[in-house]
Structure formats: C-alpha cells, structure tokens
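Just so you know, all these numbers are worked out from the coordinates, no wet-lab data involved. The model shown is predicted, which means the values in this text are computed figures rather than measured ones. With ideal geometry, Cβ positions are generated from the backbone for all residues, glycine too; neighbour counts draw on all protein chains shown.
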Amino acid sequence: MPDDRPSHPAADAAHLLQPGRNCWRVEQAARVAFLVDGAAYFSALRAALIQARHSIQIVGWDIDSRVQLRRDGGDDGWPAPLAELLDALVRARPGLRAQVLSWDYAMLFALEREWLSPLRLGWRTHRRMQFQLDGCHPVGASQHQKVVVVDGAIAFVGGLDLTRCRWDTPAHAAADPGRVDPDGKPYAPFHDVQMAVDGAAAAALGELCAERWLRASGRPGLRPPAGARPGTAPSAAAATAATGADPWPAGLRPDLTDVPVGIARTEPGFEGYAAVGEVRALLADAIGAARHAIYIENQYLSSAAMAEALAARLAAPAAPDIALVLPRRQSGWLEETTLGVLRGRIDARLRGADGADRYRAWCPQLPGETPDGSRCLNVHSKLMVVDDDFVTVGSANLSNRSMGFDSECNLAIASGGEPRVRAAIAALRARLLGEHLGRAPAEVDAALREHGRLNAAIDALRAPAAPVESVAGAAADCAGAPGQRSLVPLDLSVAPEIDRLLPDANFVIDPERPAATELLMTELLPRAGQRRPMRERIAAWTLIAVALAALAMAWRYTPLRELLDLGELVRLGERLDALPLSPLAVVGCYVLAGLVVMPVMLLVGVTGIVFGPWQGGLYALAGALASAAVSWWIGRLAGRRALRRWGGPRMQRLALRLARRGLPAMVLLRVLPVAPFSIVNLVAGAAQVRLRDFLAGTALGMAPGIAFTTVFVDRVAAAIRTPGWASFALLGGLVALCVLAAVLVRGWIGRRRDRAGA
C-alpha cells in the first residue's frame, strides 16, 4: 500500500518528538504513570506532597484552597484541605518552600471560583508558602497549564486543576459521596487524565514552573535541587540523594520506565516574550503521521488547525480510523451556543471529508442517565493516542485558544519502535475505552485484534453481551448491566437558525492569537497631578477594601448570588417597571451593579427585554452613565498611587495610557472593552481623566452597543414568541450588521498596527 501521509520531518509517529519544532525539550523519565480520573490523581499527589523536602511548585488555571485530595475518610496525620496541608508541610519542614501560581481570572468566572483565594493561600499561610495570581498574558487570554512539581523529582501534568468539581472515580457512580464541592453540593460525573513523570523530565518541568513564576511575580522561582536537575541520572536513587526522600508514591505503579518524554508548550507573545506554538505543531504532526487509528478525548472541538489536519487525513486514500470522545454538551448555555456551534461545524466538515466511514464522534453514556443529558459525563481530558506509537496528555484543548492564545503544557511519548512502549500506549487506550464501555481492557484488545479497526471494535463492544464476571482495575467499577455503560454516537448537528446567528469569524469567540487591543492605547503617559494627603488616601482605600469585602461576603453567602440568573434579573426588572419612578429605580440598579462589578451588558440585555428596545435603550444608557460617574469618582478619590499599589501592572498600564488622550481612549475602550466596565471607570478616575471627556467617551462608545443589544434581545424574544421567517430574517440582519462592524473595526486595528510597525 502506498504511503499517503504528509511528507514532513515528523511523518513517523514512532519518532515524532523534535525539540525546537514540536516540543520544548525531550528529557528522560525513570518512571511514568497515567492517572485516570481525579481520585487517582489526587491520591497520588497528596502522597507526593507529604514526601516533599525541598520544594513544591503548583501552576494552575484555578486553585481552590478548600479542595480535599483525600476522600476515603482515612487519616494520615496531615490536614485535609489543600491550603492547610501545604501550610502544615512548610511549617513542619524548615527547608521546604512552596510556590502556588493561579490564573488571575476574568470576572466572567468570578462566581465559579473561590473568593479571597490570595487570603487563604497566601496571607494566612507561612511566609515560605507563597501564592501569586498570574496576569502575565494578553488581554482575554488565560494561564491554563496544570503542573505540579515536588522536589524537582516528580511532576504531574494533565487536564486536572486542584479545584472544585474535579474529583471522581472511574465508576462515575450516580451518588458517590465523595463527589461534592467544598460547600457539600453534589456535581455531575467528571472524567480527566493526568500523567506523572520523574527524573530529568520532572526537573525540566520544575524549570518551566520557575520561569512562569518569574514572569508573573517578577521574583525568582524555585529551582530543583542539584541532584534532580536535567542531565543527571534520571533515577529514583538520584532524587533520593538530592532531597533525602523519594517523593514517588509507594502505591503508584509505573506504566513505563526509562523512557524519553517530550514537553510541549503554547505561549502567546506578550511583553517581549516570543510566541510558542509547540502544542499545535505536535498535534498536527501526530495526526499527519497516523496510519491506523487516532483516539482523542477532549473537552472541546473548535480548533481550525486541528479540523484542517483531521480532514486532510480523512480525505487521504488510506485514512486511519478517527474516534473522538467528547462531552454530550458544552458547559452552560453560552458555551452551547458558541463553542457548541463551532464543534458542530467542524463535525459536519469531517463527515464531509470522510469517504470511507472512518470518522465517528462518541460520548459516554452512564447508567441512569436522563434523556436530556443532565447527568452526562463531563469529558474534560485532553488526550490523543495515535496508533500504538504516540500519546500526549496535557492541558491543551482542541480549541483555537489552546493552539496560540492561552498558556498550555502537554507531555508526549513516542514509542521509538520499542515494543514495551507500544504495549503501554495500547494498554492506556484499552483502559480508557474499557472505562467508557464498561468492559475489561482485555476485551477491548481482543475486539481490536478481531475487527482491525478502532471504530468497528467500539461498535462491537457496544452490542449487548453477558455481564463481565471478573475484570481488573477501572473497568471492575464500571461494568454493569448490558447497554447501561457505553459509548453512543454523538449528534453534533446544529439547528440552522442557531448556526446562522453565530458569525463565521471566530476570532472573538475562540481566538487563536492575541488581538491588537493594546495598540489602541499607545503613547500615553499620566499627567502630573496634585497628590492627596496620605491620611485621605489611606482612609479612602480602607473604606473601599471594607466595602468590597462586605460585598464579596454578600454575593457569596446571601440570596444576592441568585441575581446573576437571567430569569431572576428579568423578574426584578418587571417589578421595577411597575414602580411609579421606574426610570430612577433602573438607574439606581445600574449604580449598585457597577459597585459590585456586575457585567453591564447583562443589565443592558435585561433592560431591553423588560422595557423594549427604545425605552430600554435610553434607560440603559442613562444607567450606564450614572454608574460610570460614581465609579469614576471613587477612582479619583483613591488616587493614582493607590492604583499603582493595588491595581497590578495591567491596570497601571491602562491608567498611563488613559491619562494623555482621555476622550479618544475612552471611546475605544467602550467600543472594544479590554477590562470590566467598573474597573475601567475606577482607572479613568485614578488617572485623572476629565469627567467631561470620560462621560462623552462613555456615551459615544457605548451607545451603538446598547442600541444593538436592546434591539437584538427584543428580536430574539419576538422570534421565540412568534417564530417565523420574518422574525428570523430580521434577527439574521442584525447579526450581519454586528459582524460587518466587527470586521471593519478589526481592519482598522490592523491598519494601525501596520502603521505602528512601519
């Protein structure tokens, strides 16, 4: 059979890893283990942390101080919550230091995260336990790596953050008492994969964490002890000699020994740091090198580059089988109507390129799952297995963001043709399929040998069969009555009327590279202004801190937390509409919402639903201006020095750029919001932007968006109430106008960038 694979330097999956092309480094690991699902990872991590003697480095997208790594009710003598465990360890061992780095998240995620995490993970812990929020990334990007390194001798990398709603067992039982969040509330079943490595590979990951810490904090990160650094003997003996203990958990059986491990990264270009696209190159090379089978588990499917690579393999004369295991639905309405639409389009493209029935999209089915999928398994893993020769596990989704916008870290192993490595890769794939199908891994291997094709084997194993009498490992917990636990075909098609609402350009929904937003506010320096007396500044910021703490407690522990529900907001608006002075009541609500940093466009949408497009638009503009003026006044009272002390480097840069060109900068900030509405208001006041310029820029910049939003939500409501071609046509026209405006603005930014470069 002729070899139809792409002719590039990485065309052989067995010899795929190439430093400088598709990975950062290739380092030796004495031991490698694949940890399937959160219970296995959390248990192994806790055991490793307890053995720490020199350093603990944690880098994550989200880190919750309350998460408990052990949930079996046992007592090993150490505290259960993560923050208390780390604090107790550094207090008990004078030579131990810990650095915890978590993404300085966008306000969009505020209600999903632990409030006051710096207090619990940093200020209330020992001085050798350091906590830092990572804001060293472009506007809108995130620090998405999930890496933990202990003593530079063992490292964990994958898709699991040390946060709420991640722990689960391979059984994904309906009422597992351990699957509850820190507030005691149960959550849906959750599936993910993590990878543990030691030796020089772990030490290299320690250097990666140290570099990330330096970027985020400006202070040196922890370095592995001399005996654990890359280039030394990658053995348990070397790690023990360097730190006095081997942190590899005693009960963790390696799946592989003495194997090279590739480390691939995604990093956006930012503040002098060059962009890194190793993950994208690695995944594209692996897909292009596939001969027989590509098995993928991933949370998303929206990457244009990965769609192109998969479609090219399906269109080739000897296409491999491609099996995608995805969650049944995306997380929440917003993801479902954005990223869900994008994955539906990619699915349609792959089906169109599949001329030999080689492509299938699957989702796991659990016993007792309801028809609406409300108890479906959340597939959160980021894993790819190509033939029996290549496997990668990490933080990178099959999304545009993970290919170039967010910071990511993946580990990869290529077999090099070694039978023992090929056997371990095949065993991992069989283990995962066995978990999803409720079968023993041996049954999966037998079906693959019998049918020769990955999807054919899955189809055969989905057929009713007698219950498994004796299975080992994860599948023992998963096996149930025939037909209950299985993989089922996933219909990713999108209703045409929904598909038409989403623009084809996904640079806003799922960007692959940073937008040129920072270019909008160049050449700006603050004007000199009179400083307020120190006593006034201290009093102002003390008052603000107390008020914010009180508001945080109110949003966390009172019925106010329900107010971000769209239905609740609409009902509140209807009650306001019945008041005699409803316009003043609406304006007052906007002011209060601005003080608690509620998304202003959410309020605008609710105002449009309740009061209609024209009256609602006027109310929304008046409320936004009033809210902006109050926040501006607070920022002005606080002063620039307080902003520099508490606002962080990004807010300082924003203030510097606002000060010289108040009106033009304010218009641009409102047209292209690069920071939350209330934050921009505070910064503008602290930067001493004139109130006249501030309000005029706010009105000019927000009026088009408010008009579009109120008309759009009114037309959506009309289309729902009285569906028909006229309603959908008007709705489509509004979307087309929005897309046209976005394209024009993007072109204008590009021209400015070109002129700035020249």
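Quick one: if the Förster radius is 60 Å, what FRET efficiency do Trp78 and Arg329 give, using the C-beta to C-beta distance and rounding to 0.05?
Approximately 0.95, to the nearest 0.05.
Would you mind calculating the gained length between Ala92 and Trp614 on full extension (0.36 nm times residue separation, minus the Cα-Cα distance), in nm to one decimal?
Additional length available on full extension: 181.4 nm.
Between Ala318 and Arg690, what is 0.36 nm times their sequence separation minus the Cα-Cα distance? Round to one decimal in nm.
Using 0.36 nm per residue and subtracting the Cα-Cα distance, I get 127.2 nm.
Between Val591 and Asp104, 0.36 nm times their residue separation minus their Cα-Cα distance comes to what?
Additional length available on full extension: 172.8 nm.
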